[in-house]
Every structure is written in C-alpha cells, then in structure tokens.
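The values are calculated or read from the model by the stated rules, or taken from the named source; none is laboratory data. On a predicted model such as this, the values are computed, not experimentally measured, just so you know. Cβ sites come from the backbone with ideal geometry, for glycine too, and all protein chains shown count toward neighbours. The protein model used for the area step is the full one, side chains on, heavy atoms only, and it has no ligands, DNA or RNA in it. Shrake-Rupley method; radii C 1.70, N 1.55, O 1.52, S 1.80 Å.
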Amino acid sequence: MRQLLPPGRDVQPPDLAALYAYPAGLDRAWVRANMIESADGAAAVDGLSGGLSGPGDRAVFGVLRALADVILVGAGTAREEKYQAARVRPEWARLRAGRPAAPPIAVLSGRLGLDLAGPLLSSGSGGPAPDARTIVITSAAADPDLRTAVAAHADVIVAGEQQVDLAAAVGELAQRGHRRILAEGGPRLLGQLAAAGLLDELCVTVSPVLAGGPAGRILHGAPGEVSPAGLDLAHVLADGSFLFCRYLVRR
C-alpha cells in the first residue's frame, strides 16, 4: 500500500492508524462512514459488498474497527452480510488500550425483527464478549414484547417515538462513552445520517471492478431527502488498483 495524497509522505507502508485516527479530544460524537463501491459506482455485487473487496480493503476495514468505540449498522445490512461480533486483529490490539478488546455492534432496527439465536445476540461461543454486548437501537413504537425479548440478549436504546431518531440515537451512544462511531451501512442508513447532518466523514474504497447491473449506490435517500454536501479530501491511498479515499464533510 502507498500514499498518493497528500504528497511528500514517503512512509512505506503508510501508518494506517495515524492516517485514520479520530480527532483528538473529542467532546461529542464523531460519525465516520466506511463503504466500498465499484469503479462504476455499485455498492455491491450479487447483493453483497464482499464481491468488491480485496486484501488492502480488509486491512483498512480492520484498523477502522479497531479505532472505533462502536460500529453502527442497519438491521437489513446486518442480516444480508451475516454480521458477527467484531474481532480485532492482534496487530491492532494496541489501539484498544483502555477499552474493551473489540467494539460492540449497534444495530438499528425499528421493527425488532432480529434473530435472537443469531451470532450478534447469542450469548454462546462466537457471540459478543460481555464487555462488548450488542446494542439494539429502536423506537418507542416497537412491539413491547419484542423489546423485552431483545433486551434479554442485548442493550436496548429507545430513540424516537414512531421511528428511530438518529440524532437521539447518536447522542445516546455518545453518553455511553461511544463517541467514535463507525457506520458501516447500508446505503439507506448512510442516507439518513447525511440527511440528519450527522455524518462527519466518509471513508470509501474504490474497487477496480465494473459491476453493472441494478446495484444501488453507497448512499441512498428519497428524492429531496439528502441535500448535496461538500467534502474535503484528507488522503488517498492505493493498493494495487484499489483506491482508499478519506473525505471530511465540509461544515
């Protein structure tokens, strides 16, 4: 892997932990999104993002997870991508000093249609560690019996009345000490974060694939829901024909 921008950096390989470090002294939540897309803008191949990935992408994915306090994901993405409890690679364990060995997964689910026996909610082998228990974010309108059932397996945050209020959810995560928030999608969740003005940065891998087909983009919203936002390019890395771009949302 090599650094293309900003120029003049000759560190080989680049220091990923330093390049992707969160701002120092955070006194509020900082929401970072990490997504991958094909060269023609597709967010998935055959419905899954894994068909676009490569070794460099997996390395960046690993360091972003190690730096985060919590990983935010929509229930649909968690289901389709078969999410499991996060695990941090040994080479990044130092980034977790003073924190649990891995960040918890926070699943956004308005209807609570979750698999209680699945890996994110299971208390057995392969499930989340006790200090990184899965968090489920829902609304007050969710079925109370389902909420009780989920609460036996995960920490439940109620944010919003009829639907999930993302600003309230992010605020609640920050109050629990999860200020470094890594949003891994899907596109609908990213669109909602952007529409609410909650997105601080976007890390995007451009995969050297022409996907074609009906795949959507990495950020999705209804017409007029998401206003265009300016971005400032923080850095660009390359690994073979893959590009890794980090953008900061212009305020």
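Structure values in brief
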item	result
Exposure rank, largest accessible area first [Ser109, Ser122, Ser241; 1.4 Å]	Ser241, Ser122, Ser109
Projected label distance in nm at Gln12 and Asp40, using a 7 Å step from Cα toward the beta-carbon	3.5 nm
The chain: DSSP helices with Cα axial extent of at least 24 Å and average Kyte-Doolittle hydropathy no lower than 1.6	none
Other-chain or far-sequence residues with amide H under 5 Å of Ala211's (modelled H)	Ala39, Asp40, Ala42
q = 0.11, 0.15, 0.21 Å⁻¹: log10 I(q)/I(0) that the Debye formula gives for the range 1-117, counting C-alpha atoms only	-0.46, -0.85, -1.42
Segment Leu248-Met1, extension gain: residue separation times 0.36 nm, minus the distance between their alpha carbons	86.8 nm
Cα lying deepest toward the dipole's positive end in the range 54-207, options Ile105, Val60, His178, charges on Cβ	Val60
Percent accessible area from carbon and sulfur atoms, the range 52-148, protein chains only, probe 1.4 Å	55 percent
Entry for Cα extents along the principal axes in Å (calculated from the structure that is shown) out of (i) 57, 44, 35; (ii) 58, 38, 38; (iii) 58, 41, 31	(i)
Residues with amide H under 5 Å from that of Leu4, placed H, sequence gap 5 or more	Val236, Leu237, Ala238
Heavy-atom accessible area ranking, 1.4 Å probe, most first, across Asp232, Asp131, Asp27, Asp239	Asp27, Asp131, Asp232, Asp239
Cut-off 20 Å (backbone N to label point 7 Å along Cα→Cβ of Arg99), residues of the range 126-153	128-137
In the range 63-136, the trypsin sites (Lys or Arg not before Pro) that fall in loop regions by DSSP, at most 16 other Cβ within 10 Å	Lys82, Arg87, Arg111
Neighbour count of at most 13 Cβ within 10 Å plus DSSP loop: longest GluC sites (Glu not before Pro)-free window in the chain	1-160
Probe 1.4 Å, protein heavy atoms only - accessible area per residue of the range 88-133 in square angstrom	54 Å²
Placed amide H near Cys203: partners under 5 Å, 5+ positions off or other chain	Ala33, Asn34, Met35, Tyr247
